[in-house]
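The values are calculated or read from the model by the stated rules, or taken from the named source; none is laboratory data. Computed from a predicted model, the values in this text were never measured in an experiment. Methodologically, a virtual Cβ is constructed for each residue, glycine included, from the backbone with ideal geometry; neighbour enumeration extends over all protein chains shown.
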Amino acid sequence: MATRNPQRLVVGITGASGAVYGVRLVQALLERPLEVHLIVTPDGRKVLDHELGLEGDVAAILQRDYGGGRHPAARLRDHAPESFFAPPASGSFRHDGMVVAPCSMKTLAAVAAGLADNLLNRAADICLKERRPLVLVPRETPLSRIHLRNMLRVSEAGAVVLPPSPGFYHRPRNVSDLVDFVVARILDQLGLPHELLAPWGSE
Ligand SMILES: Cc1cc2nc3c(=O)[nH]c(=O)nc-3n(C[C@H](O)[C@H](O)[C@H](O)COP(=O)(O)O)c2cc1C
């Protein structure tokens, strides 16, 4: 699954709870010389505002507010979710993988059904057809059989289902540690080295 030396990635943020996972992921990616293409659904924007107070132009906020260790060669491009003219809408736009974090049950269902009705779903659909890495971070609890079936369907189609369920064996001290645990697992899937979480057995 892991891409060697990824240079260009797509990140989707949907209206599931856990907007902080998407934000922290984008921040971690921008510490590297990466081109990040961001797609936030309309409900994703609402939940970003509700949970984190991030109202308005999310990409601009991430560019502006992030002060720590941003790589000078990092690039963040924000795409309107309704535009199928944006680069991630085409398989000819080469990139090294896509992460949807957090991923709502609605978006999970759309991806499982091949329903490319917005740019995020279309970009995920392309990942599956082009056999590119696709990591979905679904957030809901408890899970219905429909949710579970959809997770199995996307997994069988080639996606990685990565639930945001942090371990506690690293003795987290705060919410940030728990979020970083999940983001570390996402970066692992993308083949990106990080120091968010020491590998088990390394201490
Ligand atoms: C505050 C808030 C939290 C939500 N949390 C979840 C959630 O954890 N999982 C989920 O599947 N939907 C959640 N929803 C509902 C989704 O936002 C809704 O299903 C939406 O249609 C998802 O659309 P999207 O996938 O296009 O962003 C939440 C909605 C709100 C307002």
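Could you run through segment 108-127 and say how many residues are touching a Pro at 6+ places or on another chain (Cβ under 6 Å), part of a helix (DSSP H, G or I) and within 12 Å of the ligand (Cβ to nearest atom)?
Taking segment 108-127 first, the residues touching a Pro at 6+ places or on another chain (Cβ under 6 Å) are 108, 118-120, 123.
Those left that are additionally part of a helix (DSSP H, G or I): 108, 119-120, 123.
Retained after the next criterion (residues that are within 12 Å of the ligand (Cβ to nearest atom)): 108, 119-120.
Residues that pass the stated criteria total 3.
Every residue, every condition in (1) over 18 Å from Ala19 (Cβ atoms); (2) in contact (Cβ under 8 Å) with a residue 12 or more places away in the chain; (3) not β-branched (Val, Ile, Thr), yes or no:
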site: Ala109; (1), (2), (3): yes, yes, yes
site: Leu120; (1), (2), (3): no, yes, yes
site: Leu136; (1), (2), (3): no, yes, yes
site: Arg145; (1), (2), (3): yes, no, yes
site: Arg153; (1), (2), (3): yes, yes, yes
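Only one residue in Gly69, Gly53 is out of contact with any helix residue (DSSP H, G or I) (no Cβ under 8 Å at 6 or more places or on another chain) and within 16 Å of the ligand (Cβ to nearest atom), so which one is that?
Going through Gly69, Gly53 in turn, the sole match is Gly53.
Scanning for something over 15 Å from the mean Cα position of the chain (by Cα) and not in a loop (DSSP other than H, G, I, E, B), does segment 7-23 turn up at least one residue?
Checked against the condition, which is being over 15 Å from the mean Cα position of the chain (by Cα) and not in a loop (DSSP other than H, G, I, E, B), segment 7-23 yields no hits at all.
Against the definition (loosely packed, with under 13 Cβ neighbours inside 10 Å, part of a helix (DSSP H, G or I), more than 15 Å from the ligand (Cβ to nearest atom) and of a type in the set (A, V, I, L, M, F, W, C)), how does Leu178 come out, yes or no?
no
Among residues belonging to segment 181-202 that are part of a loop (DSSP other than H, G, I, E, B), without any contact (Cβ under 8 Å) to a residue 60 or more places away in the chain and aliphatic (A, V, I, L, M), point out the one that is nearest to Leu30 (Cα to Cα).
Leu197
Could you tell me how many of the residues in segment 90-107 are closer than 13 Å to Arg122 by Cα and near the ligand (Cβ under 7 Å from one of its atoms)?
Of the residues in that region, 1 qualify.
Taking Arg94, is it basic (Lys, Arg), more than 16 Å from the chain's Cα centre (by Cα) and surrounded by fewer than 17 Cβ atoms within 10 Å (Cβ to Cβ)?
When the stated conditions are applied, Arg94 passes them.
Among (1) touching a strand residue (DSSP E or B) at 6+ places or on another chain (Cβ under 9 Å); (2) touching a residue at least 24 places away in the same chain (Cβ under 8 Å); (3) hydrophobic (A, V, I, L, M, F, W, C), there is one condition Phe84 misses while meeting the rest; what is its number?
So the condition that Phe84 fails would be (1).
Which residues, taken from segment 130-149, are away from the ligand (no atom under 11 Å from the Cβ), more than 18 Å from Leu192 (Cβ to Cβ) and under 19 Å from the mean Cα position of the chain (by Cα)?
The answer is Glu130, Arg131.
Condition first: over 19 Å from the mean Cα position of the chain (by Cα), hydrophobic (A, V, I, L, M, F, W, C) and either at pLDDT 95 or above or in a helix (DSSP H, G or I) (or both). Can you find one or more residues in segment 57-73 that meet it?
Among the residues of segment 57-73, not one is over 19 Å from the mean Cα position of the chain (by Cα), hydrophobic (A, V, I, L, M, F, W, C) and either at pLDDT 95 or above or in a helix (DSSP H, G or I) (or both), which makes the answer no.
When you scan segment 51-63, do you find a residue that is in contact with a His (Cβ under 7 Å, 6 or more places away or on another chain) and not aliphatic (A, V, I, L, M), even just one?
Within segment 51-63 (the criterion being in contact with a His (Cβ under 7 Å, 6 or more places away or on another chain) and not aliphatic (A, V, I, L, M)), the answer is no, since none of the residues qualifies.
Out of the residues in segment 87-114 meeting the condition of being of a type outside the set (Gly, Ala, Ser) and either at pLDDT below 95 or touching a helix residue (DSSP H, G or I) at 6+ places or on another chain (Cβ under 6 Å) (or both), tell me which one is nearest to Ala184 (Cα to Cα).
Of everything passing the filter in segment 87-114, Val99 is nearest to Ala184 (Cα to Cα).
Quick check on segment 31-46: of everything there that is surrounded by 19 or more Cβ atoms within 10 Å (Cβ to Cβ) and under 12 Å from Leu192 (Cα atoms), which residue is nearest to the ligand (Cβ to nearest atom)?
Out of the qualifying residues, it is Leu34.
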